[in-house]
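Below is one structure, written out as structure tokens; comments come after it.
The values are calculated or read from the model by the stated rules, or taken from the named source; none is laboratory data. As the structure is a prediction and not an experimental result, all values here were calculated from the model. When we count neighbours, we look across all protein chains shown, and the Cβ atoms used for this are built from the backbone with ideal geometry, even at glycine. All accessible areas refer to the heavy atoms of the entire protein, side chains included, with ligands and DNA or RNA removed. Shrake-Rupley method; radii C 1.70, N 1.55, O 1.52, S 1.80 Å.
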Amino acid sequence: MKRILLLGGVAEALSVARRLGPEHIYSLAGIGRVPDDLRCQIRVGGYGGAAGLAQFIKAEGIDLLVDATHPYAAQISANAHAAAGMASVACWALRRPGWQAGTGDDWRPFADWPALMAALAPFKRPFFTLGREPLAYLQDIPAGQFWTLRTLDDHPAAPRSHIIGARGPFRLDGERTLFAAGGFDVLISKNSGSSATEPKLQVARERGLPVLLQARPQLPAVDRELQSVAEMIEALALYLG
């Protein structure tokens, strides 16, 4: 009997997990909600790097490792690739495509935090949708700027900032209301490619706002890369026979 270890991190991973039977394992880092309605086993927490993950794979008799973590979780993807090699098992990845700019979009890529701060200098009311990273810089908000951050959970705000704890999916009408109330003049985002958070890009387009997009990290090559839940489910069904 073949066993699959599915590393979660994006919404699509849960859709794949719902197709897995009790002999398989759905692994979560522990951030966000833990589902309680799956037939497969659920493991929450880290592994202690690639070596720890490889040890777990061997101990559990895993035959296939599926990396369905976030496109920006570069370290986890690197650990998955290395662990699969150590444990001599195949590694597949679910990697959804990034968003593509369309007519009317003003998208500007940035590589790291210093580059972002330089790009933000002309703006007054940026809206950050980068996750937790900006929380570490709330004490360094430049004079003349007011930051709005949206993260998964609530956090205490600092002077000249507002923290919104919210989880997608986000509706277009709600995003329109939020942008209007916040008076944002620039949007900062990762190019996650998620349909659940894409409405903010349409609102930025409607309002003529620039979007600063964090460049995607380089991820390791895997034995098989699939771009959608449907592709992954079909491939796993064939694999499991």
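Miscellaneous remarks
- Of Leu14, Leu152, Leu212, the residue with the greatest mean-square motion in the GNM of the chain, using alpha carbon springs below 10 Å, is Leu152.
- All-pairs Cα distance distribution in region 23-81, expressed in whole percent, bin size 10 Å: 19, 57, 23, 0
- Asp223 accessible area, 1.4 Å probe, all protein chains in place, Å² to nearest 10: 110
- In the chain, taking the dipole from charged Cβ atoms about the Cα centre, the farthest positive-side position among Leu172, Trp113, Ile4 is held by Leu172.
- Stretching the chain fully between Asp153 and Glu23 yields a gain of 43.6 nm (0.36 nm per residue, less the alpha carbon separation).
- Cut-off under 5 Å, modelled amide H: who pairs with Ser161 long-range: Trp147
- Compactness of region 81-161, expressed as Rg and Dmax over alpha-carbon positions, Å: 18.0, 55
- For the peptides 178-184, 24-30, 190-196, residues were scored by their other Cβ atoms within 10 Å and the scores averaged per peptide; the highest-first order is 24-30, 190-196, 178-184.
- Protection proxy ranking of 197-208, 228-239, by the mean of other Cβ atoms within 10 Å over each peptide's residues and highest first, is 197-208, 228-239.
- Counting only lysines at least 8 places from Lys190 when in the same chain, those with an alpha carbon closer than 24 Å to its own are Lys124, Lys200.
- Note on the chain: Cα Rg divided by 2.2 N^0.38 Å, N the number of residues, gives 1.11.
- Cut-off 13 Å (backbone N to label point 7 Å along Cα→Cβ of Trp113), residues of region 141-185: 141
- Computed helical MRE - 222 nm, the chain, DSSP H runs ≥ 4 contributing -39500 (n - 2.57), nearest 500: -9000 deg cm²/dmol
- Within region 146-241, the proportion of Cα pairs with more than 21 Å between them is 48 percent.
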